[in-house]
Amino acid sequence: MITATPRNDLLLMVFFAIAILTMPIWLSPIGAAYPDLLQRFAIYGIFAIGFNLLFGLTGYLSFGHAAFLGVGSYTAVWSFKLLSMSVVPAVLFGVITSGLFAVVIGYISLRRSGIYFSILTLAFAQMSYNLAYSVLTPITNGETGLQLAQEDPRVFDNLFGTAMESGSGIPPTNLFGLEMSGYSGFYFCAVLMIIGFYISMRITRSPFGMMLKAVKSNQNRMSYTGLNTRPYTLAAFVISGMYAGLAGSLLAVTDPLAGAERMQWTASGEVVLMTILGGVGTLMGPVIGAGVIKYFENIFSAFNDDALHEIFSFLPDVLQDGVVAVVGLFVGEGWHLTLGALFVIVVVFLPGGIMEGIGRLSRVFSQKKTIEPTVKTRAQPGE
Amino acid sequence: MDALVLQLLNGLDKGGAYALIALGLTLIFGTLGVVNFAHGALFMLGAFCAVAMKQLLTLSKLVKDESITFFDAFKEEPYLKIWFGDTGAIIIDYAVPISILLAIPVMLLIGLALERGLIRFFYKRTHAEQILVTFGMAIVLQEIVKAMFGANPVPMPPPEIFAGSADIGSFLGLGNSVVYPWWRLVYLGFAGIVIAGVFSFLQFTTFGMVVRAGMQDRETVGLLGIDIERRFTIVFGLAAVVSGLAGVMYTPIVPPDYHMGMDFLVLSFVVVVVGGMGSLTGAVAAGFLLGILQSFASMNEITSILPGIDQIIIFLVAVVILLVRPRGLMGRKGVMES
């Protein structure tokens, strides 16, 4: 295992930044190098990094993180509507509002731990979801989702005269005039993700991060030493909620539309899966997990029966129909089945996720000659 | 007054479903110590046992429609009707209650398979991992059902004699403005019977006694030479049957679709937590309590003062109870406290 020295961290950081920024190049052979998908890689990467800061470091499993994603989205769209089409206020307000939400929800939920915490966060997320659909319709626009309109005030744009002349449709979101769609949108998200990654790395290495890991390994012992752990966990919860808010507002930046389904608890489940799949408590894991899931979601859900018949056309006809019928369950509409099965398989066989898998493989290749350690330690994520 | 009685009945009805699912959840939690996020999916599977039974009973073939004479018309006629005439028609009419016969063995098998095949590997692992693996399993079950039965809700009419509404008002002497669907009354009675059945099974049989002892102290029971693991496996099957039956009988009330389990899961977990992890009476009491609260909150008089309260009342109550009484209403000491 690579030890965490400042030099190695710097190397990792540089490697990470280069890898992310060159994604349009090295992802093109597998057909994933188009802006829409790349944006989602970056956005859900941010979401997963943030979630990992809470779950990976403190061990608190939140089932309500999608609520912050939704809040971030709604705030960003409102900022586009009321203030300006510039992404700067949108992202800022998105992060701040979801941070405030996280303070309130975290303050209450963190009074309990373990499964009670999961249920409390789930309850809050469901509450926000239900409210967004019913009473808060004036703010959230209910089932239709919140959209931009031609006649929105956009105070700042009109004030500074940067507004498009009337009649040219809804202006696009922009960063100081640079239009936030396609590749520029991706690079904006990617830069924010790299910053987010850097912050998460600093947090993990800091004394604060050590404290969080200590909470994970034995909270009782921490309390016995006379330390009040709640401020630390609350801080982690709020930071994590702000990451989710950032991701949510970026979703609105790349596509100015917010709907309540983003807050549904299946969305919370998805980010849990990304983190688990990549490797809980590792730095790179959540990013990899998010990328893998978004990629396969994209690829798998595009398949239909005709495409499958084409792929398996080398098989004899009888066999072909059978294979297509079975595989067809897992792709296209049935993509969620693959997701669920993956969830089960990863938790059962590879609790440390892809990062653990890579670790095992590299150990197999590098340590063939060294003596196997006699005491086999169970992989404990985040330690 | 009329409205109050109606809402009380509505609440008892909903509460019945919550209580049945929560009972199974608590049973699993109290015995095996596993947090089962797939329990809602078991409820959904039960409901689809009824759908499958209905499809089985109404297997049809095309026959000539005699009532249309001027051209050859064909209609689908269920085999049961062709073979048994009116008796067959009655059997089809009673498809939902008959599905119970299918649901019991099927749910028992599914429960045992799930426990032996997956969940037993997770006794020693953290609750977070248990939640994750059962959550994944729930998605898998849900998607399989979606692939088999489609994504749309399947309407399941109750038997014809229960299709109308009961005039409870005149029965209670409140005038005839309080009418309530018969089937919902049946469901309430059914929930009561199942709950009573589970409790008396645990209270009055030797098996139940061993299980209760195991819930208290599984190690000692094991030392007495009793294979407690095996009993607990059966308890898991039993819990699956209970929530499956709840699902079967619920189909005429809400047409089942593949994600109904998830909706109920969240609520019944809240119910379990409010009732107190590991407390069976707590789960049942909290189920009815929250059901009634929810239906009272959805009354017009209340939503006009506090709009949206009906959507969040359950979660609100859960939050308050968890903060005021950390172990829930009737939680036992030492359960779920690391």
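Coordinate-derived values only; no laboratory data. Keep in mind it's a predicted model, so treat the numbers as computed, not measured. Please note: Cβ atoms are built from the backbone with ideal geometry, for glycine as well, and neighbour counts cover all protein chains shown.
Dipole orientation for segment B:2-324: of the candidates B:MET44, B:LEU56, B:TRP183, B:MET44 has the Cα lying most toward the positive pole (charges on Cβ; Lys, Arg +1; Asp, Glu -1). Taking Cα atoms only, the orientation of helix B:280-297 departs from the longest principal axis of chain B by about 60 degrees. In plain terms, the chain from B:THR126 to B:ILE104 could stretch by 4.8 nm, reckoned as 0.36 nm per residue minus the Cα-Cα distance. Subtracting the Cα-Cα distance of B:LEU8 and B:GLU301 from their residue separation scaled by 0.36 nm leaves 104.0 nm.
Might you report the magnitude of the Cβ-based charge dipole of segment A:60-217 about its Cα centre, with Lys and Arg at +1 and Asp and Glu at -1, to the nearest 20 debye?
Numbers: 8 positive and 6 negative charges, 215 e Å.
The dipole of segment A:60-217 has a size of about 1040 debye.
The residues A:PHE101, B:PHE269, B:PHE204, when put in order of fewest to most other Cβ atoms within 10 Å, stand as B:PHE204, A:PHE101, B:PHE269. Please compare each pair in B:LYS14/B:LYS124; A:LYS213/B:LYS146; B:LYS14/B:LYS61; B:LYS14/B:LYS54; B:LYS14/B:LYS75 to a cut-off of 29 Å on the Cα-Cα distance and tell me which ones are over it. Exceeds cut-off: B:LYS14/B:LYS124; A:LYS213/B:LYS146; B:LYS14/B:LYS61; B:LYS14/B:LYS75.
Using the Kyte-Doolittle scale, find the helices of chain A whose mean hydropathy is at least 0.5 and whose Cα atoms extend 18 Å or more along the helix's long axis, counting only whole DSSP H runs. Write out the running numbers ahead of the final one.
Values: long enough: A:6-21 (22 Å, 1.65); A:35-58 (34 Å, 1.15); A:65-82 (26 Å, 0.81); A:87-109 (32 Å, 2.13); A:114-133 (29 Å, 0.98); A:182-205 (35 Å, 1.09); A:230-254 (36 Å, 1.16); A:265-278 (20 Å, 1.20); A:285-300 (22 Å, 0.89); A:317-330 (20 Å, 1.56); A:335-349 (21 Å, 2.33); A:353-366 (20 Å, 0.46).
Counting only whole DSSP H runs, the qualifying helices are A:6-21, A:35-58, A:65-82, A:87-109, A:114-133, A:182-205, A:230-254, A:265-278, A:285-300, A:317-330, A:335-349.
For A:MET180, A:MET274, what ranking results if the residue with the fewest other Cβ atoms within 10 Å of its Cβ goes first?
Working: A:MET180 24, A:MET274 27.
Neighbour counts put them in this order, fewest first: A:MET180, A:MET274.
Residue order for A:TRP265, A:TRP26, fewest other beta carbons within 10 angstrom first, comes to A:TRP26, A:TRP265.
Would you mind getting me the FRET efficiency between A:ILE199 and A:ILE139? Use the beta-carbon distance for r and R0 = 30 Å, nearest 0.05. The partial results should precede the final answer.
On the way: r = 30 Å, r/R0 = 1.00.
E(calc), rounded to 0.05, equals 0.50.
Helix B:2-32 and the longest principal axis of the Cα set of chain B meet at an angle near 50°. Sorting the segments B:36-47, A:211-222, B:12-23 by their residues' average number of neighbouring beta-carbon atoms within 10 angstrom, most packed first, yields B:36-47, B:12-23, A:211-222.
Determine the shape class of segment A:116-232: with a ≥ b ≥ c the square roots of the Cα gyration tensor eigenvalues, call it rounded for a/c under 1.5, and otherwise prolate if a/b is greater than b/c, oblate otherwise. In terms of gyration-tensor shape, oblate. Modelled spin-label separation between A:ASN220 and A:VAL88, with each label point placed 7 Å from Cα along the Cα-to-Cβ direction: 5.3 nm.
Under the 0.36 nm per residue contour assumption, what length would be gained going from the current alpha-carbon distance of B:THR206 and B:THR58 to full extension? Don't skip to the end; give the middle numbers.
Details: separation 148, 0.36 × 148 = 53.28 nm, distance 4.18 nm.
Additional length available on full extension: 49.1 nm.
In debye, nearest 20: dipole of the protein assembly as shown around its Cα centre with unit charges on the Cβ of K, R (+) and D, E (-)? Show your work: numbers first, answer last.
Values: 40 positive and 44 negative charges, 710 e Å.
For this selection, approximately 3420 debye.
Each label point was placed 7 Å from the Cα along the Cα-to-Cβ direction; for A:ASP317 and B:ASP227 their separation is 5.2 nm. Taking the longest Cα principal axis of chain B as reference, the axis of helix B:309-324 is set at about 20 degrees.
Would you work out if segment B:2-324 is rounded, prolate or oblate? Take a ≥ b ≥ c from the square roots of the eigenvalues of the alpha-carbon gyration tensor; rounded if a/c is under 1.5, else prolate when a/b is larger than b/c, oblate otherwise. Judged from the Cα gyration tensor, segment B:2-324 comes out oblate (a/c at least 1.5, b/c at or above a/b). Placing a label point 7 Å from the Cα of B:ALA196 along the Cα-to-Cβ line, the residues of segment B:223-265 whose backbone N sits under 20 Å from it are B:242-243, B:245-247, B:249-250.
Extending 7 Å from Cα along the Cβ direction at A:LEU175 and again at A:VAL326 yields two label points whose distance is 4.7 nm. Dipole size of chain B about its Cα centre, with +1 on Lys/Arg Cβ and -1 on Asp/Glu Cβ: approximately 1160 debye, rounded to the nearest 20.
Take the alpha carbon atoms of segment A:10-31, find their center, do the same for segment B:1-55, and report the distance between the two centers in whole angstrom. Cα centroid of segment A:10-31 versus Cα centroid of segment B:1-55: 49 Å apart.
With contacts taken as Cα pairs under 8 Å at a separation of at least 6 residues, chain A carries a relative contact order of 28 percent.
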